[in-house]
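> I have a structure here, written as structure tokens, and I will follow up with some questions on it.
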Amino acid sequence: MSPSLPPLHLSGVVLPEGEHRDVWVREGRFTFEPVPDAETVSRGGWMVPGLVDAHCHVGILRGGGHAEDLSGARAQALTEREAGVLALRDCGSPVDTRALDDDPDLPTIIRAGRHIARTRRYIPGLGVEVEPEDLVEQTRVQARRGDGWVKLVGDWIDRSVGDLAPEWPADVVAAAIAAAHEEGARVTAHTFGTDALPALIAAGIDCIEHGTGLTEELIGEMAARGTAVVPTLVNVENFPGFAAAGEKKFPTYASTMRRLYANSGAVVRAAFEAGVPVFAGTDAGGGIEHGSIAQEVRALHAAGLPAEAALAAASWTARSWLGLPCIEEGAPADVVGYDADPRADLDVLARPTLILRNGHLVSPVDQVT
Ligand SMILES: [Zn+2]
């Protein structure tokens with residue numbers, strides 16, 4: 001953010017309020033006070049607070065568990081930005097991407113350190129693998145390494161059982177979650193199945209990733225506690241493929257994954273209707289392409305969230321959950337512009353006409369009028 005940035009002017013409908021307003025950008029920040037000599041970069045469109053991908057990974061090579069080098073990680077962050085994502089919650093990366101924070105044009109990355117998984121119970125090479133007696137200490141290490149989040153792998157296939165199973169005893173996850181909270185970090189956990197969830201939720205975990213195994217009872221408990229869920233529906237689309245790949249050796253696992261897939265939309269709808277905070281995350285990195293946020297928003301809508309709530313889950317409610325401001329006086333000017341109302345047609349999200357990051361016009365430069 002440089003003080004030499006030229007002042008800008010935008011005029012259009014500001015979301016979530018839905019009021020037509022004139023907004024200026026001075027020294028990279030929003031102001032509602034007219035700024036002389038500002039260049040008008042947008043008129044008559046819709047202005048959405050910078051989109052959020054609440055679950056992705058920067059630094060994981062697509063299709064495998066290996067670490068990208070830093071230029072690969074930068075390319076992934078740029079791909080998110082092209083989709084209008086100006087902040088992302090990195091739910092575990094084997095790569096130290098701190099150097100990317102020096103570039104004010106890249107999305108804000110809110111890190112959860114490295115995944116913490118049980119030994120040989122996760123994708124090789126991605127996480128830190130420990131046995132239960134070391135979970136609390138490792139949770140403290142990752143809490144200090146991240147930006148206010150820790151990511152546990154809550155369940156994974158247990159080959160000795162032939163099905164999904166919890167990775168940790170209940171008392172150990174409870175101690176780990178308490179330790180993270182003492183360190184000032186929130187905790188989230190990967191879960192596909194049901195059995196790991198009661199202990200995590202009862203221990204006061206802050207968020208559940210995927211959450212395909214949530215039951216009505218657990219959803220009620222999450223709603224009462226304010227525990228969030230990031231369903232990553234674009235990744236859940238892969239469940240039938242996971243089932244097919246595991247079918248021969250692990251038929252019980254395969255049928256579990258098919259059942260979870262079949263219920264996934266209903267779970268998201270039930271969580272939303274019960275008042276569980278639902279946020280949009282793509283799980284990009286590994287099996288999912290970066291820049292898929294519009295697809296996830298459409299999937300949330302298809303599962304039963306009203307269009308405006310699905311959009312909010314990738315913008316203003318997600319920003320507030322992560323402690324990020326929206327389009328407000330003095331806030332960093334992070335905004336995505338559209339030439340039609342995305343609340344009326346979510347397909348519009350795939351076609352941003354303007355992206356400002358920290359008040360800098362980053363895309364698409366050639367469409368400015
Ligand atoms: Zn993930």
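The values are calculated or read from the model by the stated rules, or taken from the named source; none is laboratory data. Since the structure is predicted, the reported quantities are computational estimates derived from the model, not experimental observations. Glycine also receives a Cβ, built like all others from the backbone with ideal geometry; neighbour counts cover every protein chain displayed. What goes into the accessible areas is simple: the full protein's heavy atoms, side chains included, and nothing from ligands, DNA or RNA. Shrake-Rupley method; radii C 1.70, N 1.55, O 1.52, S 1.80 Å.
> Can you name the condition, by its number, that residue 147 falls short on among (1) over 19 Å from the mean Cα position of the chain (by Cα); (2) free of Cβ contacts under 8 Å to residues at least 60 places away in the same chain?
Residue 147 satisfies all of (1) over 19 Å from the mean Cα position of the chain (by Cα); (2) free of Cβ contacts under 8 Å to residues at least 60 places away in the same chain except (1).
> Which condition number in (1) part of a loop (DSSP other than H, G, I, E, B); (2) out of contact with any helix residue (DSSP H, G or I) (no Cβ under 8 Å at 6 or more places or on another chain) is the one that residue 144 fails?
Among (1) part of a loop (DSSP other than H, G, I, E, B); (2) out of contact with any helix residue (DSSP H, G or I) (no Cβ under 8 Å at 6 or more places or on another chain), residue 144 violates only (1).
> Let me ask another. Which one is farthest from residue 353 (Cα to Cα), of the residues in the stretch 74-101 that are part of a helix (DSSP H, G or I) and touching a His at 6+ places or on another chain (Cβ under 7 Å)?
Step one: of the stretch 74-101, the residues part of a helix (DSSP H, G or I) are 74-82, 98-101.
The next check asks that each one be touching a His at 6+ places or on another chain (Cβ under 7 Å); those that pass are 76, 79-80.
On the way: 76: 20, 79: 16, 80: 15 Å.
Only one residue fits best here, namely 76.
> Let me ask another. Any residue in the stretch 196-210 that is touching a residue at least 24 places away in the same chain (Cβ under 8 Å) and closer than 12 Å to residue 153 by Cβ sitting within a Cβ distance under 8 Å of a residue that is open to solvent by 10 Å² or more (accessible area, probe 1.4 Å) and part of a helix (DSSP H, G or I)? List the pairs, counting only those 6 or more apart or interchain.
Once the first residue is touching a residue at least 24 places away in the same chain (Cβ under 8 Å) and closer than 12 Å to residue 153 by Cβ and sits in the stretch 196-210, its partners that are open to solvent by 10 Å² or more (accessible area, probe 1.4 Å) and part of a helix (DSSP H, G or I) give 210/235.
> Only helices (runs of 4 or more DSSP H) wholly contained in the stretch 223-314 count here; list those with 2 or more residues that are away from the ligand (no atom under 16 Å from the Cβ) and not charged (D, E, K, R).
On the way: elements: 233-236, 239-246, 251-274, 293-303, 307-312.
Counting at least 2 such residues, we get 239-246, 251-274, 293-303, 307-312.
> For the stretch 69-114, enumerate the residues that are out of contact with any Pro (no Cβ under 6 Å at 6 or more places or on another chain), aliphatic (A, V, I, L, M) and within 16 Å of the ligand (Cβ to nearest atom).
The answer is 73, 95, 109, 110, 112.
> Quick one: what pairs do we get from the stretch 157-172, first residue outside any helix (DSSP H, G or I), second β-branched (Val, Ile, Thr) and exposed (fewer than 14 other Cβ atoms within 10 Å of the Cβ), C-beta under 6 Å, 6+ apart or different chains?
Close Cβ pairs satisfying both conditions: 162/252; 163/252.
> For residue 351, work out the one condition from (1) open to solvent by 40 Å² or more (accessible area, probe 1.4 Å); (2) within 16 Å of the ligand (Cβ to nearest atom); (3) in contact with a Phe, Trp or Tyr (Cβ under 8 Å, 6 or more places away or on another chain) it doesn't fulfil.
Only one criterion in (1) open to solvent by 40 Å² or more (accessible area, probe 1.4 Å); (2) within 16 Å of the ligand (Cβ to nearest atom); (3) in contact with a Phe, Trp or Tyr (Cβ under 8 Å, 6 or more places away or on another chain) is unmet by residue 351, namely (2).
> Of the residues that make up the stretch 123-139, is at least one open to solvent by less than 10 Å² (accessible area, probe 1.4 Å), within 30 Å of residue 353 (Cβ to Cβ) and assigned to a helix (DSSP H, G or I)?
No, the stretch 123-139 contains no residue that is open to solvent by less than 10 Å² (accessible area, probe 1.4 Å), within 30 Å of residue 353 (Cβ to Cβ) and assigned to a helix (DSSP H, G or I).
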